[in-house]
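**Student:** Mind having a look at this structure? Questions to follow.
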Amino acid sequence: MTRRKVVVAGAGAAVAVGAGGALAAGAFAGEKGRTKPGAAASAGAGEACYKLTSETTEGPYYIDADKLRQDITEDKEGIPLTLALKVIDSETCKPVVNAAVDVWHCDALGIYSGYESLSTGGGGGGAPSGTPTGTPTDVPSGAPTGEPPSGGGGGGGTHEEPTDDERYLRGTWKTDRQGRVTFKTVFPGWYRGRTVHIHTKVHVGGEWTDAGYEGGNTCHTGQFFFDEESVLASAEVAPYSTSTTERTTLTEDTIYDQSGVQGGLLKLKYDKKNIARGVVGSLTMGVEPDATHEGTDDAVQPGASETASAEASASAG
């Protein structure tokens, strides 16, 4: 058992998700390839009614349930994003009620709150002051040895302690009777070595109190991903358009396992002619409530070690 405690936000904690909420209400309509909850009873012995959502690494920049809220935007600029999630038991297809769901991601320019000094982002302006230029001399030869340094946002790297008090684009909220939870945020940007993504954790078995959420176990650690069409559209909108950082595509990313919805690929709804108006991203997560997946165990995607190496040179989290 792990002990977790959430610091409850102020009076604005349970912020409505605004106009995007109307879209989110129907975000799960028309989902295909899923067995209805009632069908579990007719499933054969040992037959799973829903595939488990892929487990991934936690990454170095997780802050344990620091803000209990649905609106995690704060004052960050970006395309409005309503994240409509549903958590179900992968064996029974029943909704997982009162689970604590964490989400966290970088801002439009690749910066993580709590770790601004470790993030590079991709804002315009070229290299920072003091950055060496020109061709390096005495380039070492041979393959590197030892473990790659920490850093890189959602791939390899050990946990880093926060370097500042900022907590934008981070939040925790509980699932309702249907296993659903909605967050209001902004479309994430990108940084060196990773495709556009959002981190998530699902905690169950704990207790919601006046102080927040305590105890229980983490049954899922994963990431959500965005298709290339939406990312390319976002790149035409400020402030994303000011980024000078090379972007890793969805097919190049070694954390995403290329399995579509099972791997965390969001179903997106937005005006194809004007993505700046806002996006609704939805996903149903199939989890094992009795399992423990902290994102620091061996239940990570094949190639995660490659991602650690690829991101060793990236200082964004």
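The values are calculated or read from the model by the stated rules, or taken from the named source; none is laboratory data. These figures come from a predicted structure and were not determined experimentally. Here the Cβ positions follow ideal geometry from the backbone for every residue, glycine too, while neighbour counts run over all protein chains shown. Areas reflect the complete protein model, heavy atoms only, side chains present, ligands, DNA and RNA absent. Shrake-Rupley method; radii C 1.70, N 1.55, O 1.52, S 1.80 Å.
**Student:** How would you order 99-105, 264-270 from highest to lowest mean count of nearby Cβ atoms within 10 Å?
**Tutor:** Details: 99-105: 25.1, 264-270: 20.3.
Top of the packing list down: 99-105, 264-270.
**Student:** What distance in nm lies between label points placed 7 Å from Cα along the C-beta direction at L232 and R177?
**Tutor:** 4.5
**Student:** Here is a further query. Based on the Cβ-Cβ distance from T242 to T296, what FRET efficiency comes out when R0 is 35 Å, to the nearest 0.05?
**Tutor:** 0.50
**Student:** Now a separate question. If you take the beta carbon distance between N274 and E252 as r and set R0 to 22 Å, what does 1/(1 + (r/R0)^6) give as a FRET efficiency, to the nearest 0.05?
**Tutor:** Once rounded, the FRET efficiency stands at 0.20.
**Student:** Now, a different point. Top to bottom by accessible area (1.4 Å), largest first, where do W173, W190 land?
**Tutor:** W173, W190
**Student:** What does the accessible area of R170 come to, in Å² to the nearest 10, when a probe of 1.4 Å is used?
**Tutor:** About 10 Å², ignoring ligands and nucleic acids.
**Student:** If you don't mind, there's one more thing I want to ask. What number in nm² do you get for region 234-297 if you take the convex hull of its Cα atoms and divide its surface by four?
**Tutor:** Averaged projected area of region 234-297's Cα convex hull equals 6.5 nm².
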